[in-house]
Each structure stands twice: as C-alpha cells, then as structure tokens.
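Chemist: Please find one structure pasted underneath; my questions will follow.
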Amino acid sequence: MDLEVHLGIDDTDSMRGGCTTYVAALLVEEYSKLGVTWLDYPNLIRLNPNIPWKTRGNGAISLRLEIDRSMVDDLVDIALKVVERESMIGDDGVDPVLAVYVGGVSDELRRFAYIAETDVVDVGYALKLADSVGVKRWVFKDPRGIVGALAAIGEDLKGDHTYELIAYRTMGMIGNPRMIDVDSVKAMDEATKGETYANIDYETGRILITPRGSDPVLYGIRGETPEAVYRAHTIIRSYEEVERWVIFRSNQCTDAHLRVKRTISLLKPYVAAVSEGIVSGRPTIIAGGHVIFKLDDGTGIVDCAVYEPTGGLRSVVSKLMAGDRVRVYGGVKPFDGRLTFNVEKIEIVELTKIYRAMNPVCPSCGRRMKSMGSGKGFRCDRCGFRDSDNSKIEINIDRGLKPGLYMPPPRAYRHLTKPPERYGREKTGGIVWFHPWHKP
Ligand code: ATP
C-alpha cells in the first residue's frame, strides 16, 4: 500500500559551505531512481529572517511523495546518508535534523509553519508538537533544526508561492568565482520580464542570481511559474559545468514573514512585524548613512532604522516629518538595550500638511505684497496698490513625497520580500506540473 510521506530537513550547512537545497537536489535524484510518485516539487521554505542563529537565508526544505509502505525505511536511510555526507557536521552551529511525517498535512502543522515564518519558536514546543502529531525525527547534534524541518513540512504552500530553479556547480569549482555570461543574464531578464524576479540590480549593475559564498549553488532563478524559470535557465550561458538543477516550489517572494500586525508594545526581539503609527520628531542620519526615526502608535514608541543598503528608501524616509502616519514592515532587533524596528519597506498612509504664512499677492499686478507693519496691512512695491485690511495667508507646502508603498532596490531584498511586480498576482495554492523539473 502506498503512503503519503513528507520529509523535512534543516540545518545542514555552515558558514564554510554546504546548502540544504543541495541535499534536496541529491535526494530528488535518489528517490526518483526508487520510483517514488512525487506529490510536489521539493519545497524551499524560508522562515523568519530575523532569527540570529540562522546561517544565511533561514531556509529549510521538504520533499513530498508517495511510496509503498515497505520502502519508507529505505527513504530514511538514503536521506540520513546524504545528510551525513553533505553536512559539515563538525562545524559549530550545524545541527541537522531529518523529520518524517506520514499522512496529510494537518492545520496544526500549518499553524506551526506560520509561527516559524513570523516569530521565534521554542525548540521544546517544536519537539512536543512533533511527538504529538507523530513526526519521527533523526537528530544529529542539537535538536534546534527540528523547528525548520517541521515548519518545512507544515508549510505546504496552499496559499501564495513562487518557483526557483537552482543550478549547482561541480565539486571542484566550489570556492572559485562563478563563471556565468553576464550578457546572457541580461538577455534572460529581458526575455522573462515580469515572470522572473530580481535577476539584476539595475542601479548598481549587480547580478543577483549568483550567490557569493562558497556553497554549491551556481545560480538560482526565481519566478512566477516553473515554465518561466526553466525558460530563463535555458537562456543562461555558463562557462562551467552545471552538475544538476532542480525546480523548487517556495514561499520566497511572497512576504510570508510580513503577515502579523503588531502594536509597538507587543514587539519583541527577532519577530517579523507590520506596525502602524505616527512619526514623532524628524528622522536623523547616523554614521554609516543609516536613517532613524521614532514611531509612536499610542501603545509605545520604537526606533525605526532604514539601513544604508536599502539605497533610495533612505531618501524617502528622511523626508518624513512629525505627524506623518506610516506603516512599517520589517524585523525587530535588540540594540543598545532597546528594540529597533529594521524597516524592509514602508507605506506612507497619510502625510501631515505643513503650512507657511505668506504675504498676500497684489490683486492688481500679481506680485507678492510687503507688510506695512503689524496690523497695518500690505503695499505692493511694484504698482503701489495698498490694502490696509488684508492679512497673511496660509500656503500648503509641497512635501516632495506622496502617500504609497516604498520598497528598497532588488539588491536589498530578503528571500521572502515580495517584489512590486508580484502585487496582485498572489496565488491560492495548486501545483502546476512542468517537465522537466530536475536533472538528473
Ligand atoms: P541556509 O539558508 O544556507 O540553508 P540557514 O540560514 O537556513 O542556512 P540554518 O543552518 O538552517 O540556517 O539555521 C537556522 C536554525 O534556526 C535552524 O536550526 C532552524 O530550525 C532554526 N529556526 C528557523 N526558524 C526559526 C524560528 N522561527 N524560531 C526558532 N528557530 C528557528
């Protein structure tokens, strides 16, 4: 009898290298050879990006498939061997966990994933939940990876999702500069515009599909559909061998972390949040070019920081004034004994109006008149017109800023950041199968 099996894996990589998605790519090959029925593309699930103990992008993976009951042990054996071989087990902070769940994903697991995407999860709670829903686990060192492994199983992407095709390098190339034809990346970006995201940062000319670390990823192309990322992949010219590639389904580019509205009094370290309030005081620019402003929502006041890498977002924020109503999206970090809200994007809800008192304009010649002294009215220098009854008028000053959503440039996006092109294109579940989706 066939069983529905979900495998979640996390915490296999260290600062020196490795990549949890590569473990998934190897397992896709191994399991395909076993003849499993794939229920989904491998899922690449990004969790709360503000967790300080993440290695890089706080990613975990899950594989969902059907297989004969008699072969479940083989699946686990293969996964354990691959995880053991590919993880830098000896490194500090590398604590791989394999979690295996049989059956349909429950709402309880979905809820857990939601919390792991937006908040900080206690490892004890994750272990208890795993036991209560019957998730088996294999823990190599510290059990912390259970959080990611369980969340990767629970986030079955019934809501919005995107795809990423990841191409991997051969072992011998790891650590060397990535040899990708830059013009082919530009051609790919042009040919798949609106269907793939954040390939290039046009302000700086930086290619964003290639990571910079010593991991096995050659490039990753993110997009709306599996067809789009595959087509993009066929356009890229690489001067080094692609060892393998896989299309993942993912919560990347969906703002999955920015779904919880929190009042300022409820902010706590490392949560992701959306908070709304009134700007109090003028923004200040601190060393390093970061802009800081205070936000007050009646329950508390928090420092909001817009960091230098967010580029043009800082010039928008530096125009804010006391009284402006804004909604900030981002993560909370402790700093200097206080909390700081690190702003990823900002929505200006309402700008406070500022007025300047000015002399009236001469009704006869149109020139601005001069005061004849307090309470004595105004006189026009040009035509001599006098008006002893007139008084100063209030002019609404243009703020050079409009209400609306302001985003950083693509080079400052987080993995989960929803690019502006995706607004209004959010999906509601459903897997679209496209072949080929992996090689080998
Ligand atoms: P990479 O992106 O290269 O795969 P990473 O940034 O995902 O690396 P990990 O090595 O997976 O980093 O470390 C993240 C650790 O944090 C894991 O042990 C994971 O279980 C745990 N974790 C993830 N999200 C949360 C959360 N919301 N609360 C508590 N722990 C979490």
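Chemist: Between segment 285-363 and segment 82-111, how many Å separate their Cα centres?
Modeler: 40
Chemist: Round to the nearest 10 and give me the degree value, 0 to 90, for the angle of helix 182-191's Cα axis relative to the longest principal axis of the chain.
Modeler: Its long axis makes an angle of about 80 degrees.
Chemist: Would you be so kind as to identify which of P42, V83, S70 lies farthest towards the positive end of the dipole of segment 24-139, taking Lys and Arg as +1 and Asp and Glu as -1 on Cβ and the Cα centre as origin?
Modeler: Final value for the positive-end residue is P42.
Chemist: First select every other residue whose beta carbon is under 10 angstrom from the beta carbon of P177; then total the charges, Lys and Arg +1, Asp and Glu -1.
Modeler: Computed value for this residue: +1.
Chemist: Cross-link list K33/K81; K333/K427; K33/K427; K186/K439; K33/K439: which exceed 20 angstrom alpha carbon to alpha carbon?
Modeler: The pairs that break the limit, which is 20 Å between Cα atoms, are K333/K427; K33/K427; K186/K439.
Chemist: What residue among T417, T192, T340 has the largest mean-square fluctuation in a Gaussian network model of the chain, using Cα springs under 10 Å?
Modeler: With Cα springs under 10 Å in the chain, the top fluctuation among T417, T192, T340 is at T192.
Chemist: Charges on Cβ only, +1 for Lys and Arg, -1 for Asp and Glu, centred on the Cα centroid of the chain; of V94, F335, A25, which one is farthest towards the dipole's positive end?
Modeler: F335
Chemist: Using only the alpha-carbon atoms, how far is helix 72-86 inclined from the longest principal axis of the chain? Give it as 0 to 90 degrees, nearest 10.
Modeler: On a 0 to 90 degree scale, this one is about 60.
Chemist: Right, next: Hand me the chymotrypsin sites (Phe, Trp or Tyr not before Pro) from segment 212-269 located in a DSSP loop with no more than 12 other Cβ atoms within 10 Å, in residue order please.
Modeler: Of the chymotrypsin sites (Phe, Trp or Tyr not before Pro), the ones in loops of segment 212-269 whose Cβ has at most 12 other Cβ atoms within 10 Å are Y239.
Chemist: Based solely on its DSSP helices, what 222 nm [θ] is calculated for the chain when runs of n ≥ 4 H residues each add -39,500 (n - 2.57) and the sum is averaged over all residues, nearest 500 deg cm²/dmol?
Modeler: Calculated mean residue ellipticity at 222 nm is -6000 deg cm²/dmol.
Chemist: So, one more: When Lys and Arg each count +1 and Asp and Glu each count -1, what net charge do the other residues less than 12 Å away from F378, Cβ to Cβ, add up to?
Modeler: +4
Chemist: Compute the acute angle (0 to 90°) between the alpha-carbon long axis of helix 123-133 and the principal axis of greatest extent of the alpha-carbon atoms of the chain; round to the nearest 10°.
Modeler: 50
Chemist: Right, next: Where does segment 118-229 land on the Kirkwood hydrodynamic radius, alpha-carbon pairs, in angstrom?
Modeler: Across segment 118-229, the inverse of the average 1/r is 17.1 Å.
Chemist: Size of the chain along its principal axes in angstrom, Cα-based, largest extent first?
Modeler: For the chain, the Cα extents along the three principal axes come out at 101, 49, 38 Å.
FYI, it's all coordinate maths here, none of it is from the lab. Keep in mind that what you see is a predicted model, and the values were worked out from it rather than measured. Note: ideal-geometry Cβ built from the backbone for every residue, glycine included; neighbour counts use all protein chains shown.
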